[in-house]
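The values are calculated or read from the model by the stated rules, or taken from the named source; none is laboratory data. The model shown is predicted, which means the values in this text are computed figures rather than measured ones. Here the Cβ positions follow ideal geometry from the backbone for every residue, glycine too, while neighbour counts run over all protein chains shown.
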Amino acid sequence: ISPVVRASQGPSERSYVMIKPDGVQRGLVGEIISRFEKKGFTLIGLKLYTCSSELAKEHYKDLSSKPFFPKLVEYITSGPVVCLALKGPGVVASARKLIGATNPLQAEPGTIRGDLGIETGRNVVHGSDSPENGEREIALWFKEDEVCEWEPSMMPWLRE
Ligand code: IDP
Ligand code: MG
């Protein structure tokens, strides 16, 4: 079995990561994408997008009863976001670790929020909280033909 074929086997978990409008406005797009690229996850979807409040509400529907919900929807729809779909073993939990705690002041240095933010309401980036939500959110934010399944040629150098 070739190393390329071998490396492509195994779980194919996917996460939806989004650079929120503050991250785009602050010019942090390259920096943030770079952190996920360097970690070794496979980028299978990427676009700049300004979302409707319907989409924002659907994305955050579990938080609809929270007092901050209207402001959250206003924030997410306030300008373009960058939508990323990432694939790899354990990508959901690992992306959450790279992103850091919801409140940037509590997020560890070295994490995206810990390094780049100061307020929960401007915390720069989103990451799916479960593999199920990863699938749900990728289906919500990307059309089917916008997700590109491919096998990076460096895979044998990332996975045994
Ligand atoms: P998460 O993004 O770390 O998963 P959640 O609790 O799922 O955190 O909340 C989703 C988003 O809602 C947060 O990233 C943040 O933008 C916003 N949010 C959460 N709690 C608050 C709050 O108390 N005030 C303002 N915005 C909040
Ligand atoms: Mg969440």
Selection within the stretch 108-130 - surrounded by fewer than 20 Cβ atoms within 10 Å (Cβ to Cβ) and either within 14 Å of ligand 2 (Cβ to nearest atom) or part of a loop (DSSP other than H, G, I, E, B) (or both): Glu108, Gly110, Ile118, Thr120, Gly121, Asp129, Ser130
List every residue pair whose Cβ atoms lie under 7 Å apart, where the two residues are 6 or more positions apart in sequence or sit on different chains, the first residue falls within the stretch 127-149 and is modelled with pLDDT of 95 or more, and the second residue, located anywhere, is in a loop (DSSP other than H, G, I, E, B). Pro131/Glu13; Gly134/Glu13; Gly134/Ser128; Glu137/Ser128; Ile138/Val147
Taking interchain pairs and intrachain pairs at least six residues apart, which have beta carbon atoms under 6 angstrom, with the first residue in the stretch 69-83 and in a strand (DSSP E or B) and the second near ligand 1 (Cβ under 8 Å from one of its atoms)? Val81/Lys20
